[in-house]
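This report refers to the structure that appears directly beneath it.
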Amino acid sequence: MAVERTVTLPWPRVLLFGDSITEFSFQDNGWGVFLAQKLVRCDVLNRGLSGYNTRWANIVLPRLISKSSNAESIIAVTIFFGANDSALKDVNPNQHIPLKEYADNLKSMVQYLKSIDITEDRIILITPPPLYEPAWEKECLAKGIKLNRLNSTTGEYAKVGVQVARDCGTEVLDLWTLMQKNNQDFSSYLSDGLHLSVVGNQFLAAQLWSLLEKKISALPMLLPYWRDVDPLSPEVSLRGKF
């Protein structure tokens, strides 16, 4: 006699991997909160690590996601680093990563994800946002240190990120360029010159949603719409069988 078994649903997931700008995205009005609200058919996982650069991220990524952890259910991964990598070496050597290594680390993370069957079309690289130096310098001076980042340097890392995306065939969100489009004043996008303000979070969320929406629209319904459930025999509608 056949034994009836219930299918475990591979619930779709979106993984947000980055530094503090990702970690803080689940705070009030954060871009991660916005995505979680929009992606009601997915679990949105925050794996933001404050202060991390790509060297450290490259090391820990296999601990955060592996093939044995249902990697096939991940429909999108964002890789959002560079704000710390681009710190000036002579002022902030602990976080600084040379430009070439930054590119190599991004490529390595993409290759790792591909090795566990997360294809390049499901990977989105996000460049660091521009740096508003006057506000960030105040933050640095309050801590007794010199200005440890420059917008022009951050821009070099952003360009490399865009090139890595092209080389690897992933999607890319060039936040550094978009926030400065047409030489607009981008200071309102940043709360302290480095991290995103409410306006900046809204901007990133809208830009990222335009990339994610098409991936979500193709997802099948894992559970039936409530009007399609037989109220007299819900088991027939709600229990998957194989």
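The values are calculated or read from the model by the stated rules, or taken from the named source; none is laboratory data. No experiment lies behind these values; they were computed from the predicted model shown. Here Cβ is always computed from backbone atoms with ideal geometry, including for glycine, and neighbour counts include all displayed protein chains. Accessible surface areas use protein heavy atoms only, side chains included; no ligands, DNA or RNA. Shrake-Rupley method; radii C 1.70, N 1.55, O 1.52, S 1.80 Å.
Does S188 count as in a helix (DSSP H, G or I), surrounded by 14 or more Cβ atoms within 10 Å (Cβ to Cβ) and either hydroxyl-bearing (S, T, Y) or free of Cβ contacts under 8 Å to residues at least 12 places away in the same chain (or both)? Here the answer is yes, as S188 does meet what is asked. Only one of the numbered conditions (1) modelled with pLDDT of 95 or more; (2) more than 16 Å from the chain's Cα centre (by Cα); (3) open to solvent by 20 Å² or more (accessible area, probe 1.4 Å) is violated by I97, and that is (3).
State yes or no: is S152 hydroxyl-bearing (S, T, Y), open to solvent by 20 Å² or more (accessible area, probe 1.4 Å) and within 18 Å of the chain's Cα centre (by Cα)? Spelling it out, it is not the case that S152 is hydroxyl-bearing (S, T, Y), open to solvent by 20 Å² or more (accessible area, probe 1.4 Å) and within 18 Å of the chain's Cα centre (by Cα).
Does E23 fit the bill of being surrounded by fewer than 22 Cβ atoms within 10 Å (Cβ to Cβ), of a type in the set (D, E, K, R) and out of contact with any Ser or Thr (no Cβ under 7 Å at 6 or more places or on another chain)?
no
Only one entry of V172, V91, V164 meets the criterion of being out of contact with any strand residue (DSSP E or B) (no Cβ under 9 Å at 6 or more places or on another chain) and either open to solvent by less than 50 Å² (accessible area, probe 1.4 Å) or over 21 Å from S50 (Cβ atoms) (or both), and that entry is V91. In segment 117-140, the residue that is farthest from E171 (Cα to Cα) out of those that are aliphatic (A, V, I, L, M) and either modelled with pLDDT under 95 or open to solvent by less than 10 Å² (accessible area, probe 1.4 Å) (or both) is L131. Annotation note: Cβ proximity below 9 Å between a residue of segment 219-242 that is loosely packed, with under 10 Cβ neighbours inside 10 Å and in a helix (DSSP H, G or I) and a residue that is at pLDDT 70 or above and polar (S, T, N, Q) (sequence gap 6+ or interchain) occurs for D228/S237.
Of the residues making up segment 71-88, those that are farther than 23 Å from S152 by Cβ, touching a strand residue (DSSP E or B) at 6+ places or on another chain (Cβ under 8 Å) and not β-branched (V, I, T) are S73, A76.
Go through segment 9-66 and report how many residues are among the aromatic types (F, W, Y) and more than 14 Å from the chain's Cα centre (by Cα).
Total satisfying the criteria: 2.
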